[in-house]
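Enquirer: Before I ask anything, here is the structure I am working with.
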Amino acid sequence: MPLPIFPLGVVLYPGTALPLHLFEPRYRQMLQDVRAGDSRFGILTGIPGVSERDLPRGRMGCVAEVTDVEMMPDGRANIIVQGRERFALETFVESDALYHVASVVEVPDLSGTSAVALAVASDDVVLHFKQVVKAVQAINGEKGATPTLPDDPAQLAWTIASMLDVDLDTRYKLLAERDPGARLATVDAVLRKAIPELELQAALRKQS
């Protein structure tokens, strides 16, 4: 399917929200065009040092649906998009538009992990995420509820990853991973690694 494309050095996950600031004329035009249609375009994760049109076939991205728009007097815009389905780049296509247009194909998950194993992995990830949130709140002197998490194991890793401070490569690998169980394992490893240092910092702050 043809889709307007916004190559960016970020990762948008299905089921998550992302704020964007649009200032280039080509993306101002893209916003105008998609709002006149179905409000959807594709965020394609860039590769450092690779030009936009040279991004390889198979590079993953996510369909972004515009849900909120704040227009500025000079034509710039702050928008919020919601991640929809994941896609892979097939090829950029010729277009009269100022922005890129590409042919993409939807990329579904593969059922590589049993439902029971996914449920167990999800419970572990939620437990460790709650530990991280509790420690961070203690470090910052804050109190509050744990962010709402989805019940769907296939979505859980993406939702948590969107809140974590991890590098672009790890973020992209989570987007590209088609086995929900593998995604959960990756996020769980990130959480487990962070917990000891965060809990130490929380304990030190409590003593100070």
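Enquirer: Would you check which residues across segment 13-46 are in contact with a Ser or Thr (Cβ under 8 Å, 6 or more places away or on another chain) and over 15 Å from N78 (Cα atoms) and list them?
Expert: Y13, G15, T16
Enquirer: Do the conditions hold for R178, that is, is it of a type in the set (K, R), surrounded by 13 or more Cβ atoms within 10 Å (Cβ to Cβ), farther than 30 Å from E24 by Cα and at pLDDT 95 or above?
Expert: Yes: the conditions hold for R178.
Enquirer: Find the residue count for segment 124-143, including only residues that are assigned to a loop (DSSP other than H, G, I, E, B) and either among the small types (G, A, S) or under 12 Å from A203 (Cα atoms) (or both).
Expert: Number satisfying all stated conditions: 1.
Enquirer: Name the residues in segment 157-184 that are under 17 Å from R84 (Cα atoms), in a helix (DSSP H, G or I) and over 12 Å from the mean Cα position of the chain (by Cα), would you?
Expert: If the condition is that a residue be under 17 Å from R84 (Cα atoms), in a helix (DSSP H, G or I) and over 12 Å from the mean Cα position of the chain (by Cα), then P180 is the only one that fits.
Enquirer: Being farther than 20 Å from F23 by Cα, open to solvent by less than 40 Å² (accessible area, probe 1.4 Å) and not in a loop (DSSP other than H, G, I, E, B) is the requirement here; does A64 meet it?
Expert: no
Enquirer: If L110 meets every condition in (1) of a type outside the set (S, T, Y); (2) touching a helix residue (DSSP H, G or I) at 6+ places or on another chain (Cβ under 7 Å); (3) farther than 21 Å from R35 by Cβ; (4) loosely packed, with under 14 Cβ neighbours inside 10 Å apart from one, which number is that one?
Expert: (2)
Enquirer: G141 - would you say it is open to solvent by less than 40 Å² (accessible area, probe 1.4 Å) and touching a residue at least 12 places away in the same chain (Cβ under 8 Å)? Outline the logic, then answer.
Expert: Working: open to solvent by less than 40 Å² (accessible area, probe 1.4 Å): no; touching a residue at least 12 places away in the same chain (Cβ under 8 Å): yes.
No, not satisfied.
Enquirer: Looking at A88, A121, A102 in this structure, which one is under 16 Å from the mean Cα position of the chain (by Cα), open to solvent by less than 80 Å² (accessible area, probe 1.4 Å) and at pLDDT 95 or above?
Expert: Exactly one of A88, A121, A102 is under 16 Å from the mean Cα position of the chain (by Cα), open to solvent by less than 80 Å² (accessible area, probe 1.4 Å) and at pLDDT 95 or above, namely A88.
Enquirer: Would you mind stating whether R205 is in a helix (DSSP H, G or I), closer than 23 Å to D109 by Cβ, of a type in the set (D, E, K, R) and touching a helix residue (DSSP H, G or I) at 6+ places or on another chain (Cβ under 8 Å)?
Expert: When the stated conditions are applied, R205 does not pass them.
The values are calculated or read from the model by the stated rules, or taken from the named source; none is laboratory data. None of these values were measured; they are calculated from a predicted model. Note that we place each Cβ from the backbone using ideal geometry, even for glycine, and neighbour counts take in every protein chain shown. These accessible areas exclude ligands, DNA and RNA; they are computed on the full protein's heavy atoms, side chains included. Shrake-Rupley method; radii C 1.70, N 1.55, O 1.52, S 1.80 Å.
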